[in-house]
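A short worksheet on the structure shown next.
The values are calculated or read from the model by the stated rules, or taken from the named source; none is laboratory data. Since we're looking at a predicted model, the values are computed, not measured. Here Cβ is always computed from backbone atoms with ideal geometry, including for glycine, and neighbour counts include all displayed protein chains. Areas reflect the complete protein model, heavy atoms only, side chains present, ligands, DNA and RNA absent. Shrake-Rupley method; radii C 1.70, N 1.55, O 1.52, S 1.80 Å.
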Amino acid sequence: MLTKNTLIIPAIASLLGGGAALADEVTVNLGFAAPEDSAYGVLAAKFEELAEEYSGGSIDVKVRCCTQLATEDEAFKAMQLGTVDMYIMTHNNISPHFAPMEAFVLPYIFQSTDHAYAVLDGEVGAGIAAQIKQKTSLDLLTFGYVEYRDFYNTERPINSIEDIQGIRVRVPQNNVMIKTHEAFGSVPLPIAWSETLAALQTGTVSAGDSGASFVKSQKFYEIADNLAVLEHFAFFTPMLASSRIMGKLDDGQQEAVRKAARDAGQHQREEMARQLAEARDFLQSDGGMTITYPDKAGFIEAGIAVQDAFIANGADEATKTLILDIRKAAE
């Protein structure tokens, strides 16, 4: 026989132990510009899985690839306006809205992968996230995976900075990249990305730099015999959230989102590191490239000289401070 007390006790238990079930259900749209099977997609898919798991199903993440929500140029402002919930974007597209992010465009701002993650996972990274929140209202949930450019060329293996002297290298119309290759002693020639393959085939240039996965997908190994793991330019893809969507979440859901982003970022790092190793293995075996791991000392010295020039020629105080803090983390 049911009594008044047998009805009340389960209700109290539900209130005490079933917080996730009582939370309002929230749909979160997460966008990015790249294809679904890209590094962005690896991060987004894992975040979707974990956010839904950690929230007890009260958060429903909808992943929207391929600029369905907005382009990278549009997304930051759209999040500030609240018309986009969350977005994964290349870090350099944050710099028009948060100038210190320009520091990460500089050569050898990260002198190693250990240095990179010590910066992003430590006090410096926490400070960047806090400043972005204060200045733009957006939450930076994870920095994600740090990827690098390798140097491919048709002339010779690169084992030190002396070997790169005089090599004509395709670069985009980017002042930092031009200055970097001038500091290395190579000869930078600004050429559109769409014309890179033809420029290599005709000998207009004999080198370029890209992530190993791009060297593989663009089949540059069919022309260039040599790949040097210089890792001179780094890039990463932070995940950001609007204050509007974070405001829709209760405390438990917010913690679920933050933990899901952190764990998804770690998963992306591990998965993309595995894919990078596979790409380099392919380029060396099936692609027939000679892969070298040069002594970076001369390259890093040249890169720091480019950083110094950037500091001296107009970097604002916040960016200058960030560059110096990043350097300290390498000591």
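Extending 7 Å from the Cα toward the beta-carbon at both E222 and S194 defines two label points whose distance is 2.0 nm. Over the C-alpha atoms of the chain, the Rg to Rh ratio, Rh being the Kirkwood estimate, stands at 1.07. Packing, taken as the mean count of other beta carbons within 10 Å per residue, orders the peptides 194-206, 147-159 from highest to lowest as 147-159, 194-206. Across the alpha-carbon set of the stretch 124-164, the Rg to Rh ratio works out to 1.36, Rh being the Kirkwood radius. Using only the C-alpha atoms, the convex hull of the stretch 133-220 corresponds to 147 Å³ per residue.
Convex hull of alpha carbon positions in the stretch 72-159: directionally averaged projected area 7.1 nm².
Label separation (T204 vs F282): 2.7 nm, computed from points 7 Å beyond Cα along the C-beta direction. Close amide H pairs (under 5 Å, H built 1.01 Å from N) link R168 with V187, S206, residues at least 5 positions away or on another chain. A cut-off of 5 Å between modelled amide H atoms, ignoring neighbours fewer than 5 places along the same chain, links G31 with R64, M86, Y87, I88.
With one equal scatterer per alpha carbon and no solvent term, the Debye-computed log10 I(q)/I(0) for the stretch 194-331 at 0.09 1/Å reads -0.48. When each of the peptides 104-114, 246-256 is scored by the mean number of other C-beta atoms lying within 10 Å of its residues, the order from highest to lowest reads 104-114, 246-256.
Ellipsoid semi-axes for the stretch 14-103, based on the Cα gyration tensor and the rule √(5λ), read 29, 15, 12 Å when sorted largest first.
DSSP beta bridges confined to the chain are antiparallel in about 50 percent of cases. The residues of the chain present an accessible area of 46 Å² per residue when probed at 1.4 Å with all protein chains retained. Counting only residues at least eight positions apart within a chain, or on another chain, the lysines with an alpha carbon under 30 Å from that of K216 are K46, K179, K296. Over the C-alpha trace of the stretch 166-260, radius of gyration and Dmax come out as 20.0, 60 angstrom. How large a share of the accessible area of the chain, in percent, is made up of carbon and sulfur atoms when the probe is 1.4 Å and the other protein chains stay in place? The C+S portion of the solvent-accessible surface of the chain is 50 percent. Cβ under 13 Å from C65's Cβ, C65 left aside: what net charge do those residues give with Lys, Arg +1 and Asp, Glu -1? Charge balance in the 13 Å sphere: -2.
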